[in-house]
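> Before I ask anything, here is the structure I am working with.
The values are calculated or read from the model by the stated rules, or taken from the named source; none is laboratory data. In this text, all values refer to a predicted model and were calculated from it rather than measured experimentally. Heads up, the Cβs are rebuilt from the backbone with ideal geometry, glycines too, and the neighbour counts pull from every protein chain shown.
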Amino acid sequence: MRKKKLFYFILYALPLLVLPASLLIGPSESASFSKILEYLGYLTNPDKTGYSIDFSTLQTILFEVRLPRILLAFLVGGALSVSGAGLQAIFRNPLVSPYILGLSSGAAFGAALSLAWAFLPVQLSAFLFGLLAVAISYAVALNRKNLSIVSLILSGIIVTGIFSALLTIVQFLTDPFKLQSIIHWTMGNLHNTGWQSLQSSYIPILSGVFILFLMRWRLNVLALGDEEAQTSGINPVRGKLIVLVAATLATSAAVAVAGIIGLYGLIVPHFVRMLAGPDNRQAMTLNFVLGGTFLLIIDDFSRTIAGFEIPIGVITMLIGAPIFLYLMKKSNIGWED
Amino acid sequence: MVALGSCSTNSNESRGESKAGIMVTDFGGRQLNFDKPAERIVCLIESALSGFFMLGAEGSIVGVSSNVYDDNIFQYYAGLDDRIKNKTLPAPGNWDFVSIENVVSLRPDLVIIWASQTESIKSIELKGIPVYAVMLKSTDDIYKEISDFGMLTGREPRADSLIRYTKAELRKIIDLQDSSLAKKQKVYFMWAQGPLETSGTNSTVNELINFAGAANACNFPDEHLIVNFERVIDWNPDVIVMWYDANKNPEDVKNFPGWSNLKAVKENSVYEFPSVFLADLWTLKFQYAVKLLAKWAYPEVFLNVDLVKERELMLQNLYGKTEGSKQ
């Protein structure tokens, strides 16, 4: 029992270590580790007269460039993981990701439209079309107030197909510069992040995550099936709708600022299930904490591993997928019980 | 199908005029032999199309890239060709997608296409149509392209004259720098895809910056790369140059994270190239981009260079028309 408590303590404390450590990592020579130590020395020394170095560039890099990016990476990772976990619970399916209802293709189409013709800001357009795609999937699947999971997944696949086709049309009609922007956007990246990106996304992301956190015990009941939920006094259609809306809100906002980060919302909930079991009361918080921390670590690699930026979506795929496959082969991932 | 000559892939023979007619080797090493100048050309590259207009060979063009009809450059081509103005010149493809059926239906005797469009090239060649593939990495490549087009259309003297004129214009800029520049300005080049998309030392952009007497802030060798905000802050460029972008202007640059303290931003040295047509880095209009950049980087040295006059002179020399006369 004590060991288990210590284990959870370490997991929950992980961001407290990784968040400040990420601030020390970056490609800039003006904000290298030794310069930051010097800066800390300057801050903690009451006698500032011995310092002749101008720290303004370092401050700009730390607080205008790195800090918003670090915070956004954490929020996006947390949002994708919590949303993935919530949707896997209500769909009672381990293959579900936050993109299952066409959100990613809708958002990609929205972003592409904006990048090609600039009728709306890119983030807003991606957000709105992401929501629209999920709304269409939901409306098509809803039949006489009944919500069949199979219908929902099928309509999600069809809506994904439609928006993918529309995206291809935009790509076909646009010029090489805009096409490249669209492709880079769909790869998922955080390199354009500033305080503005964070300001535009943190409210919907945190709202969605908070609603899912409040729903954590209901998710356990919904995961048992509609009849069991009704027996327990929970309206399954309403419960699923709340989870769906909250997950869509958080994911749409995350995708709008970071592009499509593939597989992440599918893989992290499985990791968490392996670590903490299927109980969503524990899993929702842990998904946010670990989802945020892992994406932050991946983004640290993305911005420092080479002289140029590597899209974060590519790294999540390259690192996450093999580890996930290995763990899947080695252990029970929590759905066989 | 009208094919004026055979087409082979022998890359060992040098280009020039063979005894039987015209012999040219394209950028993919493909050797083209023609008995007479091409008369029905489908040009799927917008910048290459400009070359044919400069040569006065627009009468041989029967198909163009759909990009010619894009908003930001249509007006220029409309001023050069009534068929484009009236939108009657077919556009069977562009730099990315090509309708083989539409290309074939135009009965071309030559297709100009990017060398990277390998699948389309294969399909067009299978229909027995000769293809000239283009890949431009330097100003020498631009000279080779116009020279080859001159041969393919029977307008070598005009091609030579255009190249001589462009080299002389560049020489004028270099001569002005030689006597005056004490310190090289550091230039950060920003592509339209985003503020962090730039070009390194092995690129046409690097050549452009060097011709203007400045130094590329990006010291990576890559032709195109995405850097990050803190890297640019480290470089602290003297001048920032934006590729033409309908959605952004130099004012937006100061809003990028941490960039408001950059020297270029503080000193209002952020500039944007005019339309893609006028400052095209992949045509002989490269010279105008060099002049713009030189004046932006060294306003005092190039004080007497009147950019509006230079642009009109360039258009007159290359196309035989000024901007005003085209519209």
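> Which residue is surrounded by the most Cβ atoms within 10 Å (Cβ to Cβ), if the candidates are limited to the stretch A:264-317 and must be part of a helix (DSSP H, G or I) and of a type in the set (Asp, Glu)? Spell out the reasoning first.
Taking the stretch A:264-317 as the starting set, the residues that turn out to be part of a helix (DSSP H, G or I) are A:264-276, A:280-304, A:312-317.
Filter once more, so that each one left must be of a type in the set (Asp, Glu): A:299-300.
On the way: A:ASP299: 29, A:ASP300: 21.
My answer is A:ASP299.
> I'd like to verify a number: residues in the stretch B:81-94 that are within 14 Å of chain A (Cβ to nearest Cβ) and hydrophobic (A, V, I, L, M, F, W, C), how many?
So the answer is 1.
> Go through A:PHE177, A:PHE210 for me and flag whichever is aromatic (Phe, Trp, Tyr) and within 14 Å of chain B (Cβ to nearest Cβ). Break it down into steps so the answer makes sense when it comes.
Details: A:PHE210 fails: within 14 Å of chain B (Cβ to nearest Cβ).
Step by step, each of A:PHE177, A:PHE210 is checked, and only A:PHE177 is aromatic (Phe, Trp, Tyr) and within 14 Å of chain B (Cβ to nearest Cβ).
> Here's something else I'd like to know. Is it true that some residue in the stretch A:136-146 is farther than 30 Å from B:ASP70 by Cβ, in contact with a strand residue (DSSP E or B) (Cβ under 7 Å, 6 or more places away or on another chain), more than 14 Å from chain B (Cβ to nearest Cβ) and modelled with pLDDT under 90?
Kept after step one, since they are farther than 30 Å from B:ASP70 by Cβ, are these residues of the stretch A:136-146: A:136-146.
Now restrict to residues that are in contact with a strand residue (DSSP E or B) (Cβ under 7 Å, 6 or more places away or on another chain): A:141.
Right, trim to more than 14 Å from chain B (Cβ to nearest Cβ) and you get A:141.
Now narrow it down to the ones that are modelled with pLDDT under 90: A:141.
The answer is yes; a qualifying residue exists.
> Of the conditions (1) at pLDDT 90 or above; (2) buried (at least 23 other Cβ atoms within 10 Å of the Cβ), B:ASP306 fails just one. Which one is it?
(2)
> Still on this model: Can you tell me which residue is surrounded by the most Cβ atoms within 10 Å (Cβ to Cβ) among those in the stretch A:182-204 that are among the aliphatic types (A, V, I, L, M) and either more than 13 Å from chain B (Cβ to nearest Cβ) or within 17 Å of B:VAL232 (Cβ to Cβ) (or both)?
Here is the first cut: in the stretch A:182-204, the residues among the aliphatic types (A, V, I, L, M) are A:182-183, A:187, A:190, A:198, A:203.
Adding the requirement that they be either more than 13 Å from chain B (Cβ to nearest Cβ) or within 17 Å of B:VAL232 (Cβ to Cβ) (or both) leaves A:190, A:203.
Values: A:LEU190: 27, A:ILE203: 11.
Among those that are among the aliphatic types (A, V, I, L, M) and either more than 13 Å from chain B (Cβ to nearest Cβ) or within 17 Å of B:VAL232 (Cβ to Cβ) (or both), it is A:LEU190.
> Right, another one. With a cut-off of at least 1 residues that are among the hydroxyl-bearing types (Ser, Thr, Tyr), within 14 Å of chain B (Cβ to nearest Cβ) and in contact with a Gly (Cβ under 6 Å, 6 or more places away or on another chain), name the helices (runs of 4 or more DSSP H) lying wholly within the stretch A:48-133. Before the answer, list the steps.
Values: elements: A:56-60, A:67-91, A:103-117.
Those helices (runs of 4 or more DSSP H) span A:56-60.
> Looking only at the stretch B:53-80, how many residues end up being surrounded by fewer than 19 Cβ atoms within 10 Å (Cβ to Cβ), more than 14 Å from chain A (Cβ to nearest Cβ) and either among the basic types (Lys, Arg) or in a loop (DSSP other than H, G, I, E, B) (or both)?
Residues meeting the conditions: 1.
> I'd like the residue in the stretch B:197-215 that is assigned to a strand (DSSP E or B) and within 14 Å of another protein chain (Cβ to nearest Cβ) and, out of all such residues, is farthest from the chain's Cα centre (by Cα).
Keep residues of the stretch B:197-215 that are assigned to a strand (DSSP E or B), which gives B:197-198, B:215.
Now drop any that are not within 14 Å of another protein chain (Cβ to nearest Cβ), which leaves B:197-198.
Details: B:GLU197: 19, B:THR198: 17 Å.
Selected residue: B:GLU197.
> Collect the residues in the stretch A:1-47 that are assigned to a helix (DSSP H, G or I) and among the polar types (S, T, N, Q), keeping them in residue-number order.
Of the stretch A:1-47, the ones assigned to a helix (DSSP H, G or I) are A:2-23, A:33-44.
Within the stretch A:1-47, A:SER22, A:SER34, A:THR44 qualify.
> So is B:ASP280 part of a loop (DSSP other than H, G, I, E, B) and either within 12 Å of chain A (Cβ to nearest Cβ) or touching a strand residue (DSSP E or B) at 6+ places or on another chain (Cβ under 7 Å) (or both) or not?
Details: part of a loop (DSSP other than H, G, I, E, B): yes; either within 12 Å of chain A (Cβ to nearest Cβ) or touching a strand residue (DSSP E or B) at 6+ places or on another chain (Cβ under 7 Å) (or both): no.
Taking the combined requirement at face value, the residue does not satisfy it.
> Another question, then. Which residues, taken from the stretch B:218-246, are more than 9 Å from chain A (Cβ to nearest Cβ), buried (at least 24 other Cβ atoms within 10 Å of the Cβ) and aliphatic (A, V, I, L, M)?
B:VAL232, B:ILE240, B:VAL241
> Working only within the stretch B:122-138, note down all residues that are crowded, with 21+ Cβ neighbours inside 10 Å and in a helix (DSSP H, G or I).
Hit for the stretch B:122-138 is B:ILE124, nothing else.
> Pull up the stretch B:295-323, narrow it to residues that are part of a loop (DSSP other than H, G, I, E, B) and charged (D, E, K, R), then point me to the one that is nearest to the chain's Cα centre (by Cα).
Here is the first cut: in the stretch B:295-323, the residues part of a loop (DSSP other than H, G, I, E, B) are B:298-306, B:320-322.
Imposing the further condition that a residue be charged (D, E, K, R) reduces the set to B:300, B:306, B:321.
Details: B:GLU300: 28, B:ASP306: 22, B:LYS321: 19 Å.
Result: B:LYS321.
> I would also like to ask the following. Which of the residues spanning the stretch B:95-108 are touching a Pro at 6+ places or on another chain (Cβ under 7 Å) and away from chain A (no Cβ under 14 Å)?
B:ASN102, B:VAL103, B:LEU106
> May I pose another question? Considering only residues that are of a type in the set (Phe, Trp, Tyr) and either more than 17 Å from B:CYS43 (Cβ to Cβ) or not in a strand (DSSP E or B) (or both), which ones fall in the stretch B:96-121? Step through it out loud before you land on a result.
Of all residues in the stretch B:96-121, those of a type in the set (Phe, Trp, Tyr) come to B:97, B:114.
The answer is B:PHE97, and nothing else.
> Would you confirm whether or not the stretch B:250-264 contains a residue that is closer than 30 Å to B:ILE146 by Cβ, out of contact with any Asp or Glu (no Cβ under 6 Å at 6 or more places or on another chain), more than 8 Å from chain A (Cβ to nearest Cβ) and not in a helix (DSSP H, G or I)?
Within the stretch B:250-264 (the criterion being closer than 30 Å to B:ILE146 by Cβ, out of contact with any Asp or Glu (no Cβ under 6 Å at 6 or more places or on another chain), more than 8 Å from chain A (Cβ to nearest Cβ) and not in a helix (DSSP H, G or I)), the answer is no, since none of the residues qualifies.
> When only residues in the stretch B:145-196 that are outside any helix (DSSP H, G or I) and under 19 Å from the mean Cα position of the chain (by Cα) count, which is surrounded by the fewest Cβ atoms within 10 Å (Cβ to Cβ)? Walk me through it before giving the result.
Our first condition is that a residue be outside any helix (DSSP H, G or I); within the stretch B:145-196, this holds for B:153-155, B:181-196.
Narrowing the set further to residues that are under 19 Å from the mean Cα position of the chain (by Cα) leaves B:189-193.
Details: B:PHE189: 24, B:MET190: 24, B:TRP191: 19, B:ALA192: 21, B:GLN193: 23.
Only one residue fits best here, namely B:TRP191.
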